[in-house]
Amino acid sequence: MPKIIDHDQRRSDIVDVTWDLITRGGIEAATMREIAAAAGFANGALKLYFPSKEDIIEATYERALGMMRAYVELDELRGLVALRELCFSSMPIDAERIAAGRVLLTFWQLSLTNPKLHDKYLEHVREWRGLLHRYLTEGREDGDIVTETPDEQLVDEIVLLNAGANVMSLVSGEFSTVALQHQHLESFFTRLTRP
């Protein structure tokens, strides 16, 4: 009887291996040869599951985004409370989120020269910014957010604070401790509630 192969599981295993290679050695360590060897495949066999390295990286990026989404529990939240949850949960405050940040940073690097990956990243940023705008609008409607600073500027601040924290947690963690991240976010949220 022929062996039944779970293709979804194999793809997941390849992403696991790629994740591990990237978090340990950066994108340079995640060559097709290394991915295949670590996954227990012949080099050409990866093409049965992913047409290219770009597709493997994209799937690994999707996993990082999925992990970040899983940390954020917005169920019935709205306005200022939802905004706080989204901001605090997406910061690199533990080993798993720092690893996800490393994968995201790798993706950012590749998206600079790859239009498909660049478009994928822009799609994510637009979605994220849309959520931030929504929660700011709700917070203003609820009377919890009273700052006169325009929402577009507030969204920019959140995005830059988060991206900066992710980069700094990788390259110089002593300048992006959890306590410091919380301090910056608390300062930001204090400003939201003052005219």
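Nothing in this text is a laboratory measurement; each read-out follows from the coordinates by a stated rule. In this text the structure is predicted, and so the values were computed from the model without any measurement. A quick note on method: Cβ atoms are made from the backbone with ideal geometry, for glycine too, and the neighbour counts reach across all protein chains shown.
Below, the figures for the structure above:
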read-out	value
C-alpha center-to-center spacing [the range 13-42, the range 107-126] in angstrom	21 Å
Pairwise label distance in nanometres, Ser172 with Thr190, each label 7 Å out on the Cα-Cβ vector	2.4 nm
Calculated from backbone phi, Karplus (6.51, -1.76, 1.60) coupling profile of the range 147-156 in Hz, x at Gly/Pro	4, 8, 4, x, 4, 4, 5, 5, 4, 4
Calculated from backbone phi, Karplus (6.51, -1.76, 1.60) coupling profile of the range 163-180 in Hz, x at Gly/Pro	4, x, 5, 5, 5, 5, 5, 8, 9, 7, x, 5, 9, 9, 6, 4, 4, 5
Top positive-direction residue, dipole computed over the range 66-195 with Cβ charges, set Val72, Leu105, Thr147	Leu105
Computed magnitude of the charge dipole of the range 1-104 (debye, nearest 20; Cβ of K, R +1, Cβ of D, E -1)	240 debye
Helix-only CD estimate at 222 nm, as mean residue ellipticity for the chain, using -39500 (n - 2.57) per DSSP H run (n ≥ 4)	-24000 deg cm²/dmol
Net dipole in debye of the chain [+1 Lys, Arg Cβ; -1 Asp, Glu Cβ; about Cα centre; nearest 20]	640 debye
Hits among aspartates and glutamates - C-alpha to C-alpha of Lys116 under 18 Å, sequence gap 8 or more where chains match	Glu54, Asp55, Glu58, Glu62, Glu127
Hydrodynamic radius of the chain per Kirkwood, over alpha carbon pairs, in Å	18.4 Å
Simple spin-label estimate for Lys116 and Ala42 in nanometres, 7 Å along Cα-Cβ	2.4 nm
Relative contact order for the chain, counting Cα pairs under 8 Å that sit 6 or more residues apart, in percent	20 percent
Glu73 paired with Asp16, simple spin-label distance in nm, labels 7 Å along Cα-to-beta-carbon	2.6 nm
Paired Rg and Dmax values of the range 62-136, which use every Cα atom, in angstrom	13.2, 39
Using a Förster distance of 22 Å, the FRET efficiency for Glu62-His7 (Cβ separation, nearest 0.05)	0.85
